[in-house]
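Take a look at the structure set out below.
What follows draws every value from the coordinates through simple rules; no lab data is involved. Since we're looking at a predicted model, the values are computed, not measured. Heads up, the Cβs are rebuilt from the backbone with ideal geometry, glycines too, and the neighbour counts pull from every protein chain shown.
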Amino acid sequence: MQWASFAAVTLFAHNVAAQGSMLRFACSQLTVDRVDPLVNPGQTYTPHLHQIVGGNSFNVTMDPANHDPATLSTCTSCNFKEDNSNYWTAVMFFKAKNGSYHRVPQVGNGGPQGQLVNNGGLDVYYIPSGKTTAFKPGFRMLAGSAANTDTTKVSSGNICHRCWTSTNDNTFVGAQPCSGSDTVEIPHATNCQMIRQTIIFPACWDGKNLDSPDHKSHVAYSGSGASGGGACPTAFPVKLPQIMYEVMWNVSSFVADKNAFPTDGSNPYTYSMGIGGAAAHGDYVFGWQGNTLQLAMDNNCNLNADCAKAGIHAQTAATYNACTKKQMAPEPVDGWLPALPLGAGPAA
Ligand SMILES: *[C@@H]1O[C@H](CO)[C@@H](O)[C@H](O)[C@H]1NC(C)=O
Ligand SMILES: *[C@@H]1O[C@H](CO)[C@@H](O)[C@H](O)[C@H]1NC(C)=O
Ligand SMILES: *[C@@H]1O[C@H](CO)[C@@H](O)[C@H](O)[C@H]1NC(C)=O
């Protein structure tokens, strides 16, 4: 086991950031809710469902003028005690033959850290390439587009899915994220036991705006893949740590259910907007305490371990798993549902 884990670390770290260290850590589920303080601030409740991890100050409104997650959160569902950022994505659903929907459970990606210890959630990476400048308080951004239905409009080197034919957490599958046979669409072969979703964020910033009306125009990609990004374009001169989300959707119970899995070849997996892989997206609200993220990048802090030079501390899985927030929208999100929890738009 030890050997397998070590081999996975070496292989994975090699594939992702050949030149050095990166943060890579697990986050467990904070809440699953129709709330989106980035795209729909103040709206109760948003059109589609999200799964959210990170600091527990996550709320319907997180106005940077008066809401600093770094200081307002009293716990975080992510590995590092000092990281009160919020990270979220849409939720994947399985649509059974009879038309009912079921939320697809998430598992932590064991891989380099060995075991599936977190309760749902996802893994987060901060991948440096050369000297990076950490995000400033109030910084936020969006990757992907929740309304897009055209897979050709998605940058497949940055947002993709991979079929895992095993649920063995010690088996590393394939090459670099968003390469090879990875697809923009959600794979739906019946031998896929887990589906890994990868969302890589832009790593170049205009150096001025903490956000922008579309939550994208203040940042830019510089290439594709999880290498930390290439040289930044002149209008976006500030190199950021490259953020990557890795979500493991456990579809094993659905592919095993012959009565529920569609036999007409249709894709039963959809995100919570009612659109498949074309609409995969991730949201980020920065919330590291003080200059800890900058120090972590500058001092080559690695993976999910304590790093004294940056003053960052790894919590036990039991501690971060215990950081949760009650769902606010009054509706079921688990069990078999007659329809996606899409809501009826803004409600009083
Ligand atoms: C969320 O916002 C509501 C309304 O502004 C407020 O009452 C509540 O205390 C906030 N919760 C957290 C955890 O900040
Ligand atoms: C995936 O789901 C199956 C069926 O619910 C469960 O038995 C299994 O433990 C889950 N796998 C992981 C790796 O969590
Ligand atoms: C639809 O199929 C699922 C899976 O077989 C089953 O559990 C559920 O009860 C069915 N829903 C209805 C409304 O029949």
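The table below lists the values:
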| quantity | calculated |
| --- | --- |
| Estimated inter-spin distance, residue 167 and residue 72, nm [label 7 Å along Cα→Cβ] | 3.7 nm |
| Positive minus negative residues near residue 204 (Lys, Arg vs Asp, Glu; Cβ under 14 Å) | +3 |
| 20 Å binning of all Cα-Cα separations within the chain, expressed as whole percents from 0 upward | 32, 61, 6 |
| Signed unit charges on C-beta, dipole axis of the chain, positive-most listed residue 272, 300, 184 | 300 |
| Cα-centre dipole for the chain with unit charges at Cβ (Lys and Arg positive, Asp and Glu negative), debye to 20 | 180 debye |
| The chain - mean residue ellipticity at 222 nm from DSSP helices (-39,500 (n - 2.57) per run, n ≥ 4, rounded to 500) | -2500 deg cm²/dmol |
| Alpha-carbon centroids, segment 277-348 and segment 133-183: separation in whole Å | 16 Å |
| Proximal aspartates and glutamates relative to residue 326, as straight alpha-carbon distance under 19 Å, when same-chain residues fewer than 8 apart are discounted | 33, 36, 334 |
| Volume of the Cα convex hull of segment 58-212, divided per residue and given in Å³ | 172 Å³ |
| Cα-projected label distance for residue 322 with residue 155, points at 7 Å along beta-carbon direction, nm | 4.0 nm |
| Lysine pairs in segment 2-321 with Cα atoms under 17 Å, if 8 or more residues apart or on separate chains | 12 |
| Using a Förster distance of 45 Å, the FRET efficiency for residue 253-residue 63 (Cβ separation, nearest 0.05) | 0.65 |
| Cα centre as origin, Lys/Arg/Asp/Glu Cβ charges: segment 252-348 dipole, Debye | 160 debye |
